[in-house]
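What follows is a single structure, written as structure tokens, with notes after it.
The values are calculated or read from the model by the stated rules, or taken from the named source; none is laboratory data. Keep in mind it's a predicted model, so treat the numbers as computed, not measured. No Cβ is skipped: glycine too gets one built from the backbone with ideal geometry, and neighbour counts run over all protein chains shown.
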Amino acid sequence: MGFFARPDSYKMIFAALILALFFNFSFFSYSQDKKETLGEAMVRLSHTFRPQSGPGDFDFVITHDGIFRRYNVHVPKQYTRYDKSRALPALLVFHGGGGNAQSSIEFFSLNEKADKEGFMVVYPEGTGKLIRGLAMGSWNAGECCPPASDDKIDDVGFINGLINKLLDDFNIDPKRIYAAGHSNGALMVYRLACELPDKIAAIAACSAHDAFPQCRPYHGVPVLHIHGTADSCAPYEGGECGGCFARFLSLSGIGLRNVNWKCSSVEDYVFFWKKLNYCSDDQAVIYENKNARCISYNDCLNESEVVLCTVEGMGHYWPGEISSMGACKSDADSELCFKWLKVMGKPNSDLIANDIIWDFFKRHTLTWSE
């Protein structure tokens, strides 16, 4: 779940409580020792890992611009530390606004796919308020999303440093590092494609677009975009993007100021990336199931590709995962679920996002170099 709103501090507390109760965002305690500072606890946490560690799940912290930045790494059973011929691909996964590294694990449900296919999953965490231990992160993706965008957080620099750290600590193939995200996370992966095309082999974005007008990458990047035609947070036909989470909270009597921006239609935005990748107008339907359809432009420079997956009638969701259903996940008959569906629209499983994006990533490696 992502949101596009700038909260007042006291109202943020109510929003956090709703998130904690209904969206399963995770609490994390850095230390129970009151004498230990937050920073000291986070650094200690990061030191629990050693590069030679095998499969498992690990929490880490690095600093960037004087800010402690957290990330979680899932290492599959196929991992081996020292055999460079068996270096694994890595997928960086970006939560929506209000999320955190821990909540991403359940929201995206990618660890099982990683274990089956043999790739590492990295869950970075955005910046934001800690309310009663709950991290409510956001990404500075340009026009969205606060507080990261208001504070001009250098998230691109953080991810660049994170990739370098991952390459030092793990046996990762530098030509197979991918990025995927939902909502504010989708906007962030588009910014990475614009500003880190020498590090990111391909991206997959879902349910958000067109928040970084300064995008001028010096070479094309393979792009997969997934979008529902009934997404009120990022309208398929374009117009005004953002504000959906504020609208949802307003139905519960919690007022937050909307943050909106003018956005193109999804098809026009995908066409922009089609031009960047020098793709021809030739297209092919590569997936079709009920209300879901994926079209590929694959006659592109350097064997690149641009894919648009459209899901008729779907709202603001990561398709195929019940964990993305927000307030309806625990009780589909509740009043809160009714309000959620009124704003966010309906989910859909005609397309399984995790299957589609990994099939796409497997087709692409980083081909450009200085």
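Checking each residue in region 190-215 for being part of a helix (DSSP H, G or I) and either in contact (Cβ under 8 Å) with a residue 60 or more places away in the chain or not aromatic (Phe, Trp, Tyr) (or both) picks out ARG191, LEU192, ALA193, CYS194, GLU195. When you check ASN258 against the structure, is it more than 25 Å from CYS194 (Cα to Cα) and touching a Gly at 6+ places or on another chain (Cβ under 7 Å), yes or no? Here the answer is yes, as ASN258 does meet what is asked.
Note on region 139-156: residues that are closer than 18 Å to ALA193 by Cα and either crowded, with 17+ Cβ neighbours inside 10 Å or touching a strand residue (DSSP E or B) at 6+ places or on another chain (Cβ under 6 Å) (or both) total 11.
Considered as a group, the residues in region 121-175 that are at pLDDT below 90 and small (Gly, Ala, Ser) include one that is farthest from GLN102 (Cα to Cα), and that residue is GLY133.
Do we have LEU187 as within 23 Å of VAL122 (Cα to Cα), in contact (Cβ under 8 Å) with a residue 12 or more places away in the chain and out of contact with any helix residue (DSSP H, G or I) (no Cβ under 7 Å at 6 or more places or on another chain) here? When the stated conditions are applied, LEU187 passes them.
In this structure, does ASP150 turn out to be touching a Phe, Trp or Tyr at 6+ places or on another chain (Cβ under 6 Å), acidic (Asp, Glu) and over 20 Å from PHE58 (Cα atoms)? When the stated conditions are applied, ASP150 does not pass them. Taking the criterion of being on the phi > 0 side of the Ramachandran plot and buried (at least 19 other Cβ atoms within 10 Å of the Cβ), the residues of region 210-245 that qualify are ASP210, GLY242, GLY243. Restricting the first member to region 137-166 and to residues that are in contact (Cβ under 8 Å) with a residue 24 or more places away in the chain, and the second to residues that are among the aromatic types (Phe, Trp, Tyr) and surrounded by fewer than 19 Cβ atoms within 10 Å (Cβ to Cβ), the beta-carbon pairs closer than 8 Å and six or more apart or on different chains are GLU143/TRP261; CYS144/TRP261.
The residues of region 72-103 that are more than 18 Å from ASP173 (Cα to Cα), out of contact with any Asp or Glu (no Cβ under 6 Å at 6 or more places or on another chain) and at pLDDT 95 or above, listed by number, are PHE94, HIS95. Residues in region 226-262 that are part of a strand (DSSP E or B), under 17 Å from PHE212 (Cβ atoms) and either more than 19 Å from the chain's Cα centre (by Cα) or modelled with pLDDT under 90 (or both): GLU240, ASN260, TRP261, LYS262.
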